[in-house]
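Here the structure is laid out as structure tokens; the discussion comes afterwards.
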Amino acid sequence: MRAMVLEKPRQPLVQRDVPKPNPEAGQLLVRVATCAVCRTDLHVVDGELPDPKLPLILGHQIAGRIEEIGGGVKGFSVGDRVGIPWLGWTDGDCVYCRSNRENLCNRARFTGYTIDGGYAEFAVADARFCFRLPEQYNDVDVAPLLCAGMLGYRSYRKTGDARRLGIYGFGNAAHLIAQIAIYHGREIFAFTRPGDKAGQESARKLGTAWAGGSDEIPPKKLDAAIIFAPVGALVPAALRALAKGGSVVCGGIHMSDIPSFPYADLWGERAICSVANLTRRDGEEFLEIAPRIPVRTKTETFSLEEANIALEKFRSGELSGTAVLLISDHPGARYR
């Protein structure tokens, strides 16, 4: 099968003809229709995440249809459309898994990082961690929901009942989660790169209460803030924008170092927390609410062989939406 393979960090992906995988017990073999490109893919390629499986097939926002079913799998049929997310396997038996915190499992494996992912014609996945996809979305539009949406939703849940919510880094995840927050009646304050007038205008069109640069103080104190940009310096900035009792949620898997800041910026029972991975509950809840709003995605499509182009455009900020690789000819996996 065709695949784009990472052979060594900090090098371009290489197109390879690799053996089609076979599903083991408990697994599904999925013919990949589309795979959205995530910032985490860049972190893996750029060597910012340690110890990836090498050689590695990237990609963890996978939409496709079941080709084969391994032994012991129930509830799925050949031809069913499924999504494969970042969290690919947990042991199910550790203290974290047994307390509904499977996202913290020390033995967890991750699609497109420690398990081969979706930059290929086929992928195998643990059936327990595959999601049925809402019929309202085609394969292109649904792919970004499988990480930017799901992990963004976990970050959003961490903000509790905050009424005034700041979002730093108004990219793919922010675009999706802002729609849910506005649907819930929250005031959204969007922070972009300083001077990014186009990004601020895009945020306003979604219905945000305010949009400005990350170097600006919003007109009202925030109850909570989510930081999607992998920039540690935004943590002190967000703290300064918070009301007492507010929280800063760091929503990325990787972030540059957080600079020191005065204790006074944290005082007043302000808090900082990170978000690690996602749980199946996060994914199920998000896929239930997304079509009801409906959450709309913005995408830019590429062929599988153009994966390096998509990654480079992501890195340089040249994308007009989430990059989605078109891999098979299933209905919905089509150019716009």
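Values for this structure:
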{"item": "Selection count, segment 100-120, where residues are in a helix (DSSP H, G or I) and hydrophobic (A, V, I, L, M, F, W, C)", "result": "1"}
{"item": "Qualifying residue in segment 287-297 (condition: touching a residue at least 60 places away in the same chain (Cβ under 8 Å) and more than 17 Å from Ile177 (Cα to Cα))", "result": "no"}
{"item": "Total residues in segment 280-296, condition more than 22 Å from Ala224 (Cα to Cα) and outside any helix (DSSP H, G or I)", "result": "3"}
{"item": "Search result, residues across segment 87-126 that are surrounded by fewer than 24 Cβ atoms within 10 Å (Cβ to Cβ), in contact with a strand residue (DSSP E or B) (Cβ under 7 Å, 6 or more places away or on another chain) and not polar (S, T, N, Q)", "result": "Trp89, Ala108, Arg109, Phe110, Ile115, Glu121, Val124, Asp126"}
{"item": "Listing of strands (runs of 3 or more DSSP E) fully contained in segment 129-228 that carry 2 or more residues being of a type outside the set (A, V, I, L, M, F, W, C)", "result": "164-168, 187-192, 210-213"}
{"item": "Which numbered condition Val231 misses (of (1) of a type outside the set (Gly, Ala, Ser); (2) in contact with a strand residue (DSSP E or B) (Cβ under 7 Å, 6 or more places away or on another chain); (3) assigned to a loop (DSSP other than H, G, I, E, B); (4) surrounded by 15 or more Cβ atoms within 10 Å (Cβ to Cβ))", "result": "(2)"}
{"item": "Residue among Glu7, Glu68, Glu24, Glu48 that alone is among the acidic types (Asp, Glu), in contact with a helix residue (DSSP H, G or I) (Cβ under 9 Å, 6 or more places away or on another chain) and in contact (Cβ under 8 Å) with a residue 24 or more places away in the chain", "result": "Glu48"}
{"item": "Test for Glu300: is it within 24 Å of Gly252 (Cα to Cα), among the acidic types (Asp, Glu), modelled with pLDDT of 95 or more and touching a strand residue (DSSP E or B) at 6+ places or on another chain (Cβ under 7 Å)", "result": "yes"}
{"item": "Count of residues meeting criterion [buried (at least 24 other Cβ atoms within 10 Å of the Cβ) and more than 11 Å from the chain's Cα centre (by Cα)] in segment 160-176", "result": "6"}
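Here's the yes/no breakdown for (1) surrounded by fewer than 24 Cβ atoms within 10 Å (Cβ to Cβ); (2) assigned by TED's automatic domain parsing to the domain that holds Arg101; (3) not basic (Lys, Arg):
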position: Arg154; (1), (2), (3): yes, no, no
position: Ala178; (1), (2), (3): no, no, yes
position: His184; (1), (2), (3): yes, no, yes
position: Thr192; (1), (2), (3): no, no, yes
position: Gly195; (1), (2), (3): yes, no, yes
position: Glu201; (1), (2), (3): yes, no, yes
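The values are calculated or read from the model by the stated rules, or taken from the named source; none is laboratory data. Treat the numbers as computed from the prediction; the structure is a model and nothing was measured. Because the Cβ atoms are built from the backbone with ideal geometry, glycine has one as well, and the counts that use them run over all protein chains shown.
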